[in-house]
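What follows is a single structure, written as structure tokens, with notes after it.
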Amino acid sequence: MKKYIDILKRTTMFCGISQNDIDAMTTCLNTSFKDFKKGEYIFRQGEYIDHFCVLISGSVHIQSDDYWGNRSIISEVRVAEMFGESYAVSGSSAVMIDAVATSDSTVAFFNVKKLMTVCPHACGFHNAVIQNLLIALTHKNQSLMQKLTHISKRTTREKLISYLSNQAKLFGSNSFSIPFNRQQLADFLSVDRSAMSNELCKMRDDGLIIFDRNNFTLL
């Protein structure tokens, strides 16, 4: 358990919580840790979940497939980020998304019922964790709104410009690496992969960008 404390300290949910309190909290919230191989699902569409998750190591994609197998990547989960919290908190809604490990990963599971009810041990950190959870949910909504900004653009080039510009702002540099390969980026922006690859080449020829795999420089 102690080897995961440094990762948990980095999460929004445990911001301002001491290491000793985090250690106590993992017991209070019936925390468990599970390893997943690349390609394994943490949870699937149609399931009901009562635990929210924190990524300890590896990487996870939140995605959705339609009836015909067309995939849309909603977001990438990075180490120390939380996922599944909206469905866990509601409790009554089946999950409408998949969470799949895109590399060998370790995930922490926290019992949401233990968090949302009055703690019988009167843990001093309990209310602080609930407040941090609300902040984390706000950040998640802001990220989803940013994605809507990208995919609401009319053309593939406009979607790429919107996404790459936002990445440059996040990294504070015109040179950066994105967390997606070509197919994943196309799934994230809801565009055809071939059309997107052609547009990237046109943008390079027009002197807008330089790229090598997932490394980009905006000119």
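Which order results if 115, 55 are arranged by neighbouring Cβ count within 10 Å, fewest first? Please list the in-between numbers first.
On the way: 115 21, 55 24.
In increasing order of surrounding Cβ atoms, one gets 115, 55.
Just to confirm the number: angle between the C-alpha axis of helix 126-151 and the first principal axis of the chain, 0 to 90 degrees, nearest 10?
Value to nearest ten degrees: 10.
What length, rounded to one decimal in nm, is gained on full extension from residue 149 through to residue 113, with 0.36 nm per residue of separation minus their alpha-carbon distance?
Additional length available on full extension: 9.6 nm.
Roughly speaking, what is the stretch gain from residue 202 to residue 70, that is 0.36 nm per residue apart minus the C-alpha to C-alpha distance, in nm to one decimal?
On the way: separation 132, 0.36 × 132 = 47.52 nm, distance 2.59 nm.
Fully extending the segment from residue 202 to residue 70 adds 44.9 nm.
If I take every Cα pair under 8 Å that is 6 or more residues apart in the chain, average their sequence separation and divide by the length, what percent do I get for the relative contact order?
The normalised contact order for the chain reaches 21 percent.
Measure up 3/34; 38/140; 159/202 against 20 Å on the Cα-Cα distance and list the ones that go over.
38/140
Where Lys and Arg each count +1 and Asp and Glu each count -1, what net charge lies around residue 152 among other residues with Cβ under 10 Å from its Cβ?
For residues surrounding residue 152, the net value is +3.
What length, rounded to one decimal in nm, is gained on full extension from residue 89 through to residue 45, with 0.36 nm per residue of separation minus their alpha-carbon distance?
14.2 nm
For semi-axes √(5λ) of the Cα gyration tensor in Å, several values are listed as (1) 32, 19, 14; (2) 23, 21, 15; (3) 35, 19, 15; flag the one computed from this structure.
Label of the calculated value: (3).
To the nearest 10 degrees, how steeply does helix 156-171 sit against the main Cα axis of the chain, on a 0 to 90 scale?
50
I want to check the label-to-label distance for residue 212 and residue 168. Put each point 7 Å from Cα in the C-beta direction and report it in nm to one decimal.
2.0
Each reported figure results from applying straightforward, stated rules to the coordinates on display, with no laboratory input. In this text, all values refer to a predicted model and were calculated from it rather than measured experimentally. Cβ atoms come from the backbone with ideal geometry, glycine included; neighbour counts cover every protein chain shown.
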